[in-house]
Amino acid sequence: MVGEPGSGSTTREGTVYLVGAGPGDPGLLTRRGADLLAIADVVVYDHLASPRLLDLARTGAIRICAGKSVGHCTLSQDRIHEVLIEHARSGRAVVRLKGGDPLVFGRGGEEASALRAAGIPFEIVPGVTAAVGVAAYCGIPPTHRETASAVAFVTGHGDPRSESSRLDWPALARFPGTLIVYMGVTHLAAICETLITEGKPAGTPAAIVESGTLPAQRTTVGTLANLPRLAVESGLRPPALLIVGEVVALRDRLAWFERLPLFGRRIVVTRPEAELARSAASLEAMGAEVIAAPTVVVRPIPDPGPLDDTIGRLESFDWLVFTSPSGVRFFVDRLDRLGRDLRALGRVRLAAIGPTTADALAALHLRADLVPDSFRSEALAAALAGRAAGARILLARADRGRTVLRDELEHLADVTQVPVYQNAYAEALPDGLDDRIASGSVDWITLTSSAIARRLHALLSERARQAVGTRVRLASLSPVTSETARALGWEVAVEAREFTWDGLVRSLVEQATAERGE
Ligand code: SAH
């Protein structure tokens with residue numbers, strides 16, 4: 001069935017979708033899974049499914065945690081079946097989001113049987129199972145020409161020495177290929193020992209990978225003989241997979257994820273909501289774990305009157321200057337709402353304060369006529385001063401912010417300033433973040449403007465404020481921002497050399513690389 005989720009949601013009422021969430025990295029969800037999450041009325045999720053995936057569900061969707069881990073909210077398997085059936089019977093589209101693949105050690109088969117017995121229609125959407133996802137992210141191919149022509153997925157849930165073990169351990173010891181053991185943390189020592197007793201060479205390469213595909217991924221490599229000891233020494237914690245076989249040796253050549261420059265760094269990003277997703281993505285691409293903490297949320301201005309007036313006489317301006325991607329977005333939105341389109345821009349020239357703003361224009365197939373080399377109001381003013389003396393300039397901007405541009409241009413051009421959107425401060429930081437900062441359990445905080453620095457300061461507890469600049473380092477986007485941070489009593493560890501987000505990411509990468517002594 002080729003679905004067009006969103007359009008056909010009425011035909012999907014009362015259906016349960018068993019969706020594989022992948023092993024951890026939210027990027028490993030299938031497109032089908034993402035589409036279904038976006039239309040679901042109810043999401044019943046496992047502890048191992050990435051919490052970030054829940055953001056893909058509608059704001060109004062009912063979210064139910066089914067647990068699957070000690071200490072987390074846990075529903076019994078029977079109760080999970082009841083919940084799925086009850087919601088489906090009420091006519092809701094239910095996504096049952098399960099870690100990895102629903103049918104690999106996931107009890108998806110049981111859930112589907114219970115649904116069939118209850119007469120509830122269901123669909124099964126596969127996911128990247130932990131063995132496959134983790135193998136890729138730790139650089140151990142489950143199969144490899146010459147080394148391994150077969151792979152077995154094994155549960156390590158039961159004690160291999162117990163009478164009731166349903167696994168044929170002698171056969172597994174003889175298995176001509178790679179063994180990948182799920183749920184093997186508790187019985188790790190017994191599993192390795194049993195394989196050796198049953199005849200697998202003690203020197204067989206073996207690895208245990210914890211929290212695979214996640215920023216916390218950790219890989220311990222040894223042999224069947226010494227891996228249990230190494231794992232105890234390193235403080236092994238679930239979820240983890242045991243991989244046994246000659247292919248483990250290939251990791252030396254194939255590991256890539258753990259070698260990303262910002263791998264393992266926990267970075268708090270305080271950027272405005274509108275820029276967060278894109279900013280987070282560029283850090284994550286470098287291997288960092290991003291903790292989103294928007295200090296500023298953007299909204300349309302309450303009174304669009306002045307903006308509407310200005311749009312009505314756009315042809316009377318020579319230059320239209322944007323100082324942020326949000327400016328571009330809200331300006332064009334307003335055009336749209338007024339029943340106009342990009343042709344309203346006519347022959348007005350466009351200036352963007354920096355490459356990100358220029359990109360926002362480019363996304364609309366608009367080419368900026370002017371982008372200064374350095375992303376600062378001063379640089380834009382200087383560049384405009386050279387080209388726009390005596391011109392009529394329209395500054396489309398937030399309702400507050402620095403007035404450098406107007407101040408510097410006013411004496412040589414006819415400057416009109418119009419607010420196109422509003423920056424409202426966030427009322428609070430995400431739950432638990434203040435504690436994490438106070439205890440130094442994050443590595444970096446990024447600051448991208450003076451206003452953001454001040455807002456962060458206001459939102460933090462005194463304990464957390466004291467940890468900033470000391471236990472938790474600050475990365476600042478520009479000298480102006482750094483100065484504000486210092487005025488707040490905070491030391492700045494890294495300052496971007498190029499005053500853009502990408503410049504800041506580059507400087508963080510350089511710092512991390514230098515610290516690794518590479
Ligand atoms: N249905 C899931 C497996 C659930 S059983 C799937 O297809 O992946 C849970 C076990 O999966 C854990 O005990 C662990 O062995 C493994 N696992 C799940 N996520 C993991 C991860 N991110 N890193 C390492 N192992 C993981």
| message | Restricting to the range 238-252, name every residue that is within 13 Å of the ligand (Cβ to nearest atom) and surrounded by 20 or more Cβ atoms within 10 Å (Cβ to Cβ). | response | Pro239, Ala240, Leu241, Leu242, Ile243
| query | Does any residue of the range 67-77 turn out to be open to solvent by less than 40 Å² (accessible area, probe 1.4 Å), over 29 Å from Pro215 (Cβ atoms) and either at pLDDT 95 or above or not assigned by TED's automatic domain parsing to the domain that holds Pro238 (or both)? | reply | yes
| said: If Ala135 meets every condition in (1) more than 16 Å from Gly14 (Cβ to Cβ); (2) open to solvent by 40 Å² or more (accessible area, probe 1.4 Å); (3) more than 8 Å from the ligand (Cβ to nearest atom) apart from one, which number is that one? | reply: (2)
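Taking the options Val442, Val418, name whichever one is in contact (Cβ under 8 Å) with a residue 24 or more places away in the chain and part of a strand (DSSP E or B).
Being in contact (Cβ under 8 Å) with a residue 24 or more places away in the chain and part of a strand (DSSP E or B) holds for just one of Val442, Val418, which is Val418.
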| note | Asp414: passes all of (1) in the same structural domain as Trp501 (by TED's automatic domain parsing); (2) of a type in the set (Asp, Glu); (3) touching a Gly at 6+ places or on another chain (Cβ under 9 Å) but (1)
| said: For the structure I just gave you, tell me whether Ala216 is at pLDDT below 95 and aliphatic (A, V, I, L, M). | reply: yes
| task | Determine whether Gly158 is at pLDDT below 95 and outside the structural domain of Leu241 (by TED's automatic domain parsing). | result | no
| query | Could you list, in sequence order, the residues of the range 88-129 that are among the β-branched types (Val, Ile, Thr) and within 9 Å of the ligand (Cβ to nearest atom)? | reply | Val104, Val128, Thr129
| request: Restricting attention to the range 27-39, report how many residues are within 16 Å of the ligand (Cβ to nearest atom) and open to solvent by less than 40 Å² (accessible area, probe 1.4 Å). | output: 2
| query | Can you tell me which residues in the range 317-353 are closer than 13 Å to Leu394 by Cβ, assigned to a strand (DSSP E or B) and open to solvent by less than 60 Å² (accessible area, probe 1.4 Å)? | reply | Trp319, Leu320, Val321, Phe322, Leu350, Ala351
| message | Can you report the number of residues in the range 196-237 which are within 16 Å of the ligand (Cβ to nearest atom), assigned to a helix (DSSP H, G or I) and either open to solvent by 40 Å² or more (accessible area, probe 1.4 Å) or under 22 Å from Pro176 (Cβ atoms) (or both)? | response | 1
| Quick one: Leu380 ticks every box in (1) within 29 Å of Arg497 (Cα to Cα); (2) of a type in the set (A, V, I, L, M); (3) part of a loop (DSSP other than H, G, I, E, B) bar one, so which box is it? | (3)
| request: Within the range 153-166, track down each residue that is surrounded by fewer than 17 Cβ atoms within 10 Å (Cβ to Cβ) and either in contact (Cβ under 8 Å) with a residue 24 or more places away in the chain or within 15 Å of the ligand (Cβ to nearest atom) (or both). | output: Thr155, His157, Gly158, Asp159, Arg161
| Pick from Ser507, Ser476: which is modelled with pLDDT of 95 or more, surrounded by fewer than 22 Cβ atoms within 10 Å (Cβ to Cβ) and under 23 Å from the mean Cα position of the chain (by Cα)? | Ser507
| field | Test result for Ala464, in a helix (DSSP H, G or I), free of Cβ contacts under 8 Å to residues at least 60 places away in the same chain and more than 21 Å from the chain's Cα centre (by Cα) | value | yes
| task | With respect to Leu103, determine if the residue is at pLDDT 95 or above and part of a helix (DSSP H, G or I). | result | no
| note | Those residues of the range 286-307 which are open to solvent by 40 Å² or more (accessible area, probe 1.4 Å) and either under 27 Å from His457 (Cβ atoms) or touching a residue at least 12 places away in the same chain (Cβ under 8 Å) (or both) amount to Met286, Glu289, Ala292, Arg299, Pro300, Pro302, Pro306
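The values are calculated or read from the model by the stated rules, or taken from the named source; none is laboratory data. Note that the structure is predicted; figures quoted are calculated from it, not measured. Using ideal geometry, Cβ is built from the backbone for each residue, glycine included, and neighbour counts are taken over all protein chains shown. To get the accessible areas, we keep the full protein, side chains included, count just its heavy atoms, and leave off ligands, DNA and RNA. Shrake-Rupley method; radii C 1.70, N 1.55, O 1.52, S 1.80 Å.
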